[in-house]
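Enquirer: Below is a structure I'd like to ask you about.
The values are calculated or read from the model by the stated rules, or taken from the named source; none is laboratory data. Note that the coordinates shown come from a computational prediction; the quantities given were computed from them, not determined experimentally. Cβ: placed from backbone, ideal geometry, glycine included. Neighbour counts: every protein chain shown. For the accessible areas, the whole protein counts, side chains as well, though only heavy atoms, and no ligand, DNA or RNA atoms are used. Shrake-Rupley method; radii C 1.70, N 1.55, O 1.52, S 1.80 Å.
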Amino acid sequence: MRVVRRPLQVNDSWSYRRQFYDLNSRTRRMLSCGTNSLGVQSFHTWEPDAMVCPGDTLIYVEMLDNSIAAQTGYEVSSLAATTTPPPPALAAGPSWLQPRFWQAWQGGLQQWWQANTQDQSQRVAMLCAIAVVLLGAVGTLLYRLNYPGVSVLDAFHTSASLLLGGYGDVFGGVKIADPIPNWLKLFSLGMALAGTALVGVLYALLTGVLLSSRFQFMAQRPRSPEQGHIVLIGLGRMGLRVAAFLQELKHPLIGIGRTELATNVLPTMPMVVGDVADALTRVNLATAKSVIVVTDDEMVNLEVGLMAHAANPTAGLVIRMDDQLFSDNLGQLLPYAKVICTSALAAAAFAGAAFGENILNLFHLDQQTVLVTEYHIEVHDTLQGLLLSEVAYGYDVVPILYEAATEKSLRWMPSDDLRLHGGDRLVVLATIEGLQRIERGELIPRTWQVWVEKASTPESTFSGATVITRISGCNLQVSRRIMEQLPAALPTLLYKHQARRLVRELGKAQVSAQCIDPG
């Protein structure tokens, strides 16, 4: 999924042809809209029945691939607490005799193995080397035990000669004063065969490494894009993650770093190595779409950002900062730049996780941090029993994924008419304020009322009662009583978007109704 900001032009296909409520679909949800400049403070401040016009700036979340809606059985790890039994009491004795010592040693060995053997060839080479060393040590020990008069060095040389294929040098035509047991001869023959095989494997791996290194040295990165690309300055840990995201989104990209990356790291990304000031002259900066500066030095980020803006004032500029106060002040001094404080983003994620929910992702939008948050509905949860419309407008969040406890299929961009039950799963877009409301169970007050005037036919009376129950959550018996005593007002107050939608749906059922504005 992705979040899109779309400024509307006169020739836009949506201008003068769509109303805002009509933009919501099974693959899209409106987040906010405004005129020219936009500041997202609340997700549902837009007028649902207003006409979309040029000059409006829309922000919405949409699915990249519609086929994802057909996926079933998708699971995300929950935050359910797990209890670990306490470790058993340790018996007295040396530390190396305790089970914890060997468990720690085993865990450390596994971590070392995973950290130092990234591919299959490295693991094969390491296993072969270990096998050669073990065979050599065992052979040296056996020759030393069977022939006490032979020195350890001579026993080692004999084992090494056997491992290197020297079986004939040791036993071929050489008469040894002391007879050699047959089992030791057979072991020597096996050691010679194993050593030949293992050394051959090591030679093959070494040859493969040398050839691949030669090909990697000859491999070249793509050329710099000509125009409409993104210039990424700073290829540290954060820069590499940003580059990976941009490549997943298929944006043309070129990176600037102080050292050359390994050929297997983002091999399809063009790259310029060297001083940043000199590199900016070689990345077609004048025709770039955006510039992202994410080095580890704040002052370097600021200096490079100013240089990039001077070279291309029309390009979007994103600057990384670590200090919140510096970031806020810089954002006011440079209104054309998006200054993002990494510590503020991390703080929002930690604060959201402190509420006990699963923070799946987050993004920065108009000075607001929006958290992608997963809820597992419990029986006594503040969300239990609510309609999704009440969750969305009452807590000011945007539901984007729903999975019922009794189903295995996912519902992307779910309907507002679904009611939450214990065991359900819900993923929403929310700010910290929205998460706080959910945590406390503080719903925004309902202020809108719907006045139902008349029904055209008896069938409309029946259909209208069903529509009222479905959208407002009102009891069906109450809805039917209202439809039989028209004109009448709904006894339940609604949220603005909820009331406007109810009036539209009643109109489709040939029932006249209108919203009563609380103002």
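Enquirer: Between a first residue in segment 490-504 that is closer than 7 Å to Trp448 by Cα and touching a residue at least 60 places away in the same chain (Cβ under 8 Å) and a second residue that is outside any helix (DSSP H, G or I) and open to solvent by 10 Å² or more (accessible area, probe 1.4 Å), which pairs have beta carbons less than 6 Å apart while being 6 or more apart in sequence or on different chains?
Expert: These pairs meet every condition: Tyr495/Arg446; Lys496/Trp448.
Residue-by-condition table, conditions (1) touching a helix residue (DSSP H, G or I) at 6+ places or on another chain (Cβ under 7 Å); (2) within 26 Å of Gly464 (Cα to Cα); (3) of a type in the set (S, T, N, Q):
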residue	(1), (2), (3)
Pro414	yes, yes, no
Asp424	no, no, no
Thr431	no, no, yes
Leu435	yes, no, no
Pro445	no, yes, no
Val450	yes, yes, no
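Enquirer: Here is a further query. Has segment 403-419 got at least one residue that is open to solvent by 30 Å² or more (accessible area, probe 1.4 Å), touching a strand residue (DSSP E or B) at 6+ places or on another chain (Cβ under 7 Å), in a loop (DSSP other than H, G, I, E, B) and within 30 Å of Val304 (Cβ to Cβ)?
Expert: No.
Enquirer: Would you be able to say whether some residue in segment 218-235 is in a helix (DSSP H, G or I) and either open to solvent by less than 60 Å² (accessible area, probe 1.4 Å) or at negative phi (or both)? Steps first, please.
Expert: Here is the first cut: in segment 218-235, the residues in a helix (DSSP H, G or I) are 218.
Those left that are additionally either open to solvent by less than 60 Å² (accessible area, probe 1.4 Å) or at negative phi (or both): 218.
Among the residues of segment 218-235, at least one is in a helix (DSSP H, G or I) and either open to solvent by less than 60 Å² (accessible area, probe 1.4 Å) or at negative phi (or both), which makes the answer yes.
Enquirer: Could you name every one of the helices (runs of 4 or more DSSP H) located completely within segment 443-519 that has at least 1 residues being closer than 15 Å to Glu390 by Cβ? Give the steps one after another, and end with the answer.
Expert: Details: elements: 458-472, 476-484, 496-508.
Those helices (runs of 4 or more DSSP H) span 458-472, 496-508.
Enquirer: Let me ask something else about it. Suppose we filter segment 310-319 for residues that are more than 12 Å from Met299 (Cβ to Cβ) and surrounded by 13 or more Cβ atoms within 10 Å (Cβ to Cβ); how many remain? Before the answer, list the steps.
Expert: Going through segment 310-319, the residues more than 12 Å from Met299 (Cβ to Cβ) turn out to be 310-318.
Pick out the ones that are also surrounded by 13 or more Cβ atoms within 10 Å (Cβ to Cβ) and you get 311-312, 315-318.
Count: 6.
Enquirer: Name the strands (runs of 3 or more DSSP E) wholly within segment 1-102 that hold at least 2 residues that are open to solvent by less than 50 Å² (accessible area, probe 1.4 Å) and modelled with pLDDT of 80 or more?
Expert: On the way: elements: 2-7, 28-35, 56-62.
Once the strands (runs of 3 or more DSSP E) in segment 1-102 are filtered for at least 2 residues that are open to solvent by less than 50 Å² (accessible area, probe 1.4 Å) and modelled with pLDDT of 80 or more, what remains is 28-35, 56-62.
Enquirer: From (1) touching a Phe, Trp or Tyr at 6+ places or on another chain (Cβ under 9 Å); (2) over 21 Å from Asp517 (Cα atoms), pick out the condition that doesn't hold for Thr461.
Expert: The single condition Thr461 does not satisfy is (1).
Enquirer: In segment 248-265, what residues are open to solvent by 10 Å² or more (accessible area, probe 1.4 Å) and β-branched (Val, Ile, Thr)?
Expert: If the condition is that a residue be open to solvent by 10 Å² or more (accessible area, probe 1.4 Å) and β-branched (Val, Ile, Thr), then Thr259, Thr263, Val265 are the ones that fit.
Enquirer: Additional query: Could you tell me which numbered condition Thr287 fails, if it satisfies all but one of (1) at pLDDT below 90; (2) in contact with an Asp or Glu (Cβ under 8 Å, 6 or more places away or on another chain)?
Expert: Among (1) at pLDDT below 90; (2) in contact with an Asp or Glu (Cβ under 8 Å, 6 or more places away or on another chain), Thr287 violates only (1).
Enquirer: Would segment 408-422 turn up any residue that is of a type in the set (Ser, Thr, Tyr) and in contact with a Ser or Thr (Cβ under 7 Å, 6 or more places away or on another chain)? Step through it out loud before you land on a result.
Expert: Going through segment 408-422, the residues of a type in the set (Ser, Thr, Tyr) turn out to be 409, 415.
Narrowing the set further to residues that are in contact with a Ser or Thr (Cβ under 7 Å, 6 or more places away or on another chain) leaves 409.
Yes: one or more hits.
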